[in-house]
Amino acid sequence: MRTVTLAGAVVLLALLVAGSGLVVDTGDGEQLSPVAFDRTLTTGLTGVDVEQAREAGYVVPRGQVFYSQYEYVVGYYGTDALVTGVSHPRHRAQFGRPLAVFVNDLAGTDPALTDEGYVTLPDAAAPGWTRAEDAWFVVGTPARTPAGPTALPFGDRAAARAFAAAHDGSVVDWEGLRERRADRTDAVDHEPPVAERQRWADRTVERAHGTLDRPVSMVVGTDRPAVETAAGRVSPEDAAGDAPAAVVLGEDAPTLAAAVDRAPANTTVRLLAGRYDANLSVGRPLTLAGTGTDTVLDGGGDGTVVTVSSPAVALTDLRIVGVGDANAGQLESDDGSAWDRRIRLTYGYGDAAVRLHDADRSLVENVRIDTPSNGVVALDSDGVVVRETQVTGTDGLSGFMSVLPMYSRMVVEDSRFDGGRDAVYAHYADGTVVRDNHVEDLRFGFHDMYTSDTLVVNNTVRDVNTGIYVMTRPAGNAVVGNDVRNSSVGISTAGTASYVTGNVVANNEVGLSIGTARSTYRGNTVVDNGVGVRSTTMLPTNDVFENDVVGNDRPVSPGTATLESWAVDGRGNYWGAVPGVDRDGDGVVERAYRPTDPVDRNARRSPVANALAYSPAARMFDQFQQAAPGLRRPSVVDPAPLTDPVHPNRLETHNVSVS
Amino acid sequence: MSELRYVADVAEREFRTVLRTPTLLAVGLGYVVLVGGIGWLGGTGAYLALVLDLLTPVELLVPVLSFAVGYRALLGDRESGELETIRTYPIAGHWYVVGVYLGRAVVVLGLVLLSFVLAGSVVPTSDTAQLSVVASHPTADSPALYLRYALATALFALVALAIATLVSAAARSTRGGLALATGGVVALVVGLDSALLGSVSGEHVPTAVLALSPNSAYRSLVLELSVAPTGVAVPEGPTALLGTAALLAWLAASLALATRLAWR
Amino acid sequence: MSTRQTGRAEEQPAEQRPAVEVTDVSHSFDGLDVLGDVSFTVPGGTVACVVGPNGSGKTTLLRLVADLLEPDAGSVTVAGDGGRRVGYLAQQPAFRRQFTVAETVGFYGSLVGDATDVDAVLDRVGLSAVADRRVDALSGGMRRLLGLAQAMVGDPSVFVLDEPATGLDPTMARHLREVIGALAADGDAVLLSTHDLHTVDRIADMVLLVDRGELVAAGPPAELLAEAGATTLDDAIETLGHGGGTVGVSPGLHGGDRA
């Protein structure tokens, strides 16, 4: 046999094999079937909303999408989120077109609506799945999820019509639902709502400060001449009644608690310098004003020192010591309740210097706390302000939370936190504002659990494990203008629709750790970290642009998901000097920069890498390697690196040469 | 059919000639290493991504390979005088050219496919970390996309070789052959497309202009067959059919002209 | 007008049958007349030597007979049936250097259809010893013998050999003459060009003297000697040639065999 015939036969065979590619129908999604929802990458409604609905037994319609260019199944809580995930250009660019979309099928589950519009199913039935294009969606009914109104999917048209008829809704198909959703503008706003939240915080502080104008009803001390002198000095217009009562502990009242019990509501109790045995309960709107650190409330090392169970209580100019060392309350019995409930029962009931419960609008100001457990715990207390307060916890992790808002929206400002576990641990504390604080030597500076719409602004954090740590899957948080240094991780995020802007993270092991979806990272200064920016998100749909990322050992550590492209509207980030030039002088280098690529990363230091970076081969790769990001190995590309830093003055303070 | 027999023998001679020419072997090896290397350098775990990575380099390299292998096929024998000796045999010129073409085509296709096997092996062997707790599914990415790409590229290689054979038939000297071959590669890779780019100034350009450049026809074929099915946006149009037809036309026309010129 | 005909096997002995019949053939390149009005026949079993000065049109004449050129006018008729009719040896035979001697002959064998006994062909030209040697390792003479072997492939009845003796050492040259003699003895017609009048002396049954594109004399050597009244071919050619005097036969050739 001739060699050429043999080789030709082999080639022909190979061509036949290649030709088989023509008969295979690629990616029609027909063969795909839904997976268990807990095995999807979930997004959509926040963890809080989902958790609340689950606890209450309400149905949140869910969907799952199989994208053509992403191997993981993405699960969506809520039909709105599902439609966004299928239609949003950002998702399509990152993950390709949807091969298959499945939604819950409520047909046959006999759904009912509560008075509020929540959807319940009898016998806690679990709805199955149907293809979105085969489904019918009931819209315009009062049906809602904790996040708002929702469409309800049915696999059967008759069932959908019946439900629509019963609840004054109408029925649309998948296309119809998508069109309805498309009508709403989904403008991407890269500006965090800082001003608005600052205004709320200002108002809240102002309102809480109203407690400082209360007339003085009582002056408390341990030394009679001092007490009487002080009481006499209270001018009549400041006094409640004719003159404040002079109360000498041990003579006029057995304990501080007994004295305070006598004070009328909406008055001020002045505590003179001295040490008070205090396991105090305040059940009326009172102001307890000390003289500063000389007024010491000593809990004797047992339990909580001050327990507040009334709105509008103020504790000012005090020092609190002798806090019990029980970090957590005791579960009366393990009733198998949800994790967050256990947190509530345990974290919320540990020993504290001050525990606020149902104490809206209360104020803790200029209080110095030494605690082996918690500092200020706020339960179900909105509008609470903790300011100008200093909490010193124990070294190591044996202490607990310096400020612990739970189910409470509060303001924490101008305070110092040193030691203990977390400076502020926000648990279901939507809208909390944490600003202008100084934090050092503890675990997390700000620890966000199930808490959305917070503002964490202008805080200084040093020598901690993680400066700002957003966990669970909240939404709308704004982390702005903070300065985190010398820590393991500067800022670590999660959730959606959040903002991380204008922060400085320096000299950390990891500067910025991005775990969010559809969030904005802009104007941050990331310098001298081991890893500048770490991506951990599985749904890389964030806008990362106009950040200065320089002087880090590694600029970027790619995530586990896919290729990410970091630029918005032709503006990427500043990475120092990168290969390429800016010919048209628009401040953008006309060559993509790959901070995760060894050649690009070393281009500045190694002449070999620099020469390679300019090679036609490298340029050629540039062309297509940003396509089909969902199928790419995890890496990061900046298609429009900046020629000049966004915040050069910040870099100068770090001695990073700006050339 | 006696023609078929000697066509095979002529092909065999061409095949062995290439295999026994160290320079051509080096070029072939270089091609395989380069394309395979590009695949491994990209290190992607997806066939679509691999196709996109390879598209441009392969489009540049295939004409180079084809011309390297093909441009001396007829010219060499003409220059040495052996072609004259062959012409005293009772064979038909067009069948002889077909044999020459086939023999070299086996080499070119072999190299092209080998390089694709090498580059393609990166996908199943790349150990992208899998999240076991999260359900994964077969994306629109599939080996079929890559196979289609290989098929389209094979057709493109055949066209490039046919044009190289035409150059070989037309050239009358080594220098002329080199100039023609270089010109051929440049025309394929840059010239024709530049001309097309110039023509695409208005909004409505007939799709058929793609047929004027084999490279563009090939590229549109790949985009339609291998890239579009995954949801990467590609404008719709009858480009697959048109691309295939255009490439086949280039192939047939080049070979036909080559046979006429070779036997003069 | 040119015609080319396939000769019919006629009821004559091979020796008398015209194997090559050239009638009124003219040829020109780029308007320059190279051959004019040439007519001759070569019967089978005949060795015909085409002699003449360089540039006289010998090679053109041979190429016309080998069907590598079409005559502008006149006809060339070559005897033979369906297979290979003319075995041709180019003036500078070249073969792909990547192949061995045996492979080369084998390839040409495949072009004529029937299985060619490569060994036998190589044996006839005396190249058996180097059958497995690559072409680029052959001496010039050996390459010419390989060309001769190639010409014999397919068993044609007419051989057209352009300067077959050039570059052969005496032993090879003798062998070449033997081979040519054997071909003629088999009834084949051999048309060869040469500068080497010793060869002509020894093997020519017929001499075709070409000068300035014209056939100035044709016939057996003895006839030419008689016609010119010369005693040597050398003198006869000089006498019969156009310009008289030297016809450009290089002096070295008078010595016959060249090393």
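The values are calculated or read from the model by the stated rules, or taken from the named source; none is laboratory data. Quick caveat: nothing in here was measured; it's all calculated off a predicted structure. Cβ sites come from the backbone with ideal geometry, for glycine too, and all protein chains shown count toward neighbours. Protein only, heavy atoms only, side chains kept; ligands, DNA and RNA dropped before computing areas. Shrake-Rupley method; radii C 1.70, N 1.55, O 1.52, S 1.80 Å.
Key figures
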item	result
Matching residues, the stretch A:76-85, being under 19 Å from residue A:179 (Cα atoms) and either of a type in the set (Phe, Trp, Tyr) or within 12 Å of chain B (Cβ to nearest Cβ) (or both)	A:76
Checking residue C:157 against (1) within 12 Å of chain B (Cβ to nearest Cβ); (2) buried (at least 21 other Cβ atoms within 10 Å of the Cβ), the condition it does not meet	(1)
Pick from the stretch A:534-544, criterion open to solvent by less than 20 Å² (accessible area, probe 1.4 Å) and without any contact (Cβ under 8 Å) to a residue 60 or more places away in the chain, ranking: nearest to the other protein chains (Cβ to nearest Cβ)	A:537
Residue within the stretch B:66-80 that is within 14 Å of chain A (Cβ to nearest Cβ) and at pLDDT 85 or above present	yes
All strands (runs of 3 or more DSSP E) inside the stretch C:170-246 with 2 or more residues being aliphatic (A, V, I, L, M) and closer than 24 Å to residue C:146 by Cβ	C:189-193
Test: residue in the stretch C:98-106 that is more than 10 Å from chain B (Cβ to nearest Cβ), touching a Pro at 6+ places or on another chain (Cβ under 9 Å) and part of a helix (DSSP H, G or I)	no
Residues that are crowded, with 19+ Cβ neighbours inside 10 Å and of a type in the set (Gly, Ala, Ser), drawn from the stretch C:160-197	C:165, C:173, C:184, C:189, C:193
Residue, nearest to residue B:42 (Cα to Cα), within the stretch B:110-137, restricted to residues that are within 9 Å of another protein chain (Cβ to nearest Cβ), modelled with pLDDT under 70 and open to solvent by 80 Å² or more (accessible area, probe 1.4 Å)	B:130
Elements of type helices (runs of 4 or more DSSP H) in the stretch B:1-87, at least 2 residues being touching a residue at least 40 places away in the same chain (Cβ under 8 Å), aromatic (Phe, Trp, Tyr) and out of contact with any His (no Cβ under 6 Å at 6 or more places or on another chain)	B:2-19, B:22-42, B:47-70
In the stretch A:204-229, the residues that are part of a helix (DSSP H, G or I), more than 43 Å from the chain's Cα centre (by Cα), surrounded by fewer than 21 Cβ atoms within 10 Å (Cβ to Cβ) and not hydroxyl-bearing (Ser, Thr, Tyr)	A:224, A:225, A:226, A:228
Counted residues, the stretch B:43-60 - those being buried (at least 24 other Cβ atoms within 10 Å of the Cβ) and either of a type in the set (A, V, I, L, M) or more than 14 Å from chain A (Cβ to nearest Cβ) (or both)	8
Among (1) open to solvent by less than 30 Å² (accessible area, probe 1.4 Å); (2) of a type in the set (Gly, Ala, Ser); (3) at pLDDT below 90, the one test that residue A:245 misses	(1)
Odd one out for residue C:82, checked against (1) within 14 Å of another protein chain (Cβ to nearest Cβ); (2) modelled with pLDDT under 85; (3) crowded, with 24+ Cβ neighbours inside 10 Å	(3)
Filter result for residue A:93 (surrounded by fewer than 21 Cβ atoms within 10 Å (Cβ to Cβ), part of a helix (DSSP H, G or I) and either away from chain B (no Cβ under 14 Å) or touching a residue at least 12 places away in the same chain (Cβ under 8 Å) (or both))	yes
Condition broken by residue B:72, with the remaining ones in (1) within 30 Å of residue B:229 (Cα to Cα); (2) open to solvent by 30 Å² or more (accessible area, probe 1.4 Å); (3) charged (D, E, K, R) satisfied	(1)
Members of the stretch C:38-85 found to be charged (D, E, K, R) and within 20 Å of residue C:205 (Cα to Cα), listed by number	C:58
Flag for residue A:73 being under 23 Å from residue A:38 (Cα atoms), within 27 Å of the chain's Cα centre (by Cα), buried (at least 21 other Cβ atoms within 10 Å of the Cβ) and within 14 Å of chain B (Cβ to nearest Cβ)	yes
Flag if residue C:38 is in contact (Cβ under 8 Å) with a residue 24 or more places away in the chain, farther than 24 Å from residue B:263 by Cα and open to solvent by less than 10 Å² (accessible area, probe 1.4 Å)	yes
Conditions (1) assigned to a loop (DSSP other than H, G, I, E, B); (2) of a type outside the set (Lys, Arg); (3) more than 14 Å from chain B (Cβ to nearest Cβ): number failed by residue C:116	(3)
Meets criteria (out of contact with any Asp or Glu (no Cβ under 6 Å at 6 or more places or on another chain) and modelled with pLDDT of 85 or more) for residue C:201	no
Index of the failed condition, residue A:134 passing every other in (1) away from chain B (no Cβ under 14 Å); (2) crowded, with 18+ Cβ neighbours inside 10 Å; (3) over 28 Å from the mean Cα position of the chain (by Cα); (4) under 22 Å from residue A:35 (Cβ atoms)	(2)
Output for the stretch A:481-528, where each listed residue is in a strand (DSSP E or B), basic (Lys, Arg) and within 20 Å of residue A:572 (Cα to Cα)	A:522
Test: residue A:42 is among the hydroxyl-bearing types (Ser, Thr, Tyr) and within 24 Å of the chain's Cα centre (by Cα)	yes
Members of the stretch A:548-564 found to be of a type outside the set (A, V, I, L, M) and within 14 Å of chain B (Cβ to nearest Cβ), listed by number	A:557, A:558, A:559, A:560, A:562
Test: residue in the stretch A:285-297 that is of a type outside the set (Ser, Thr, Tyr), at pLDDT 90 or above, more than 34 Å from the chain's Cα centre (by Cα) and at positive phi	yes
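Let's see how each residue does on (1) at pLDDT below 85; (2) more than 8 Å from every other protein chain (Cβ to nearest Cβ); (3) surrounded by 12 or more Cβ atoms within 10 Å (Cβ to Cβ):
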| site | (1), (2), (3) |
| --- | --- |
| A:7 | no, no, yes |
| A:38 | yes, yes, no |
| A:41 | yes, no, yes |
| A:53 | yes, yes, yes |
| A:59 | no, yes, yes |
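Residue-wise test of (1) touching a residue at least 24 places away in the same chain (Cβ under 8 Å); (2) open to solvent by less than 20 Å² (accessible area, probe 1.4 Å); (3) out of contact with any Ser or Thr (no Cβ under 7 Å at 6 or more places or on another chain).
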{"residue": "A:68", "(1), (2), (3)": "yes, yes, no"}
{"residue": "A:101", "(1), (2), (3)": "yes, yes, yes"}
{"residue": "A:108", "(1), (2), (3)": "yes, no, yes"}
{"residue": "A:138", "(1), (2), (3)": "yes, yes, yes"}
{"residue": "A:142", "(1), (2), (3)": "yes, no, yes"}
{"residue": "A:145", "(1), (2), (3)": "yes, yes, yes"}
{"residue": "A:160", "(1), (2), (3)": "yes, yes, yes"}
{"residue": "A:165", "(1), (2), (3)": "no, no, yes"}
{"residue": "A:172", "(1), (2), (3)": "yes, no, yes"}
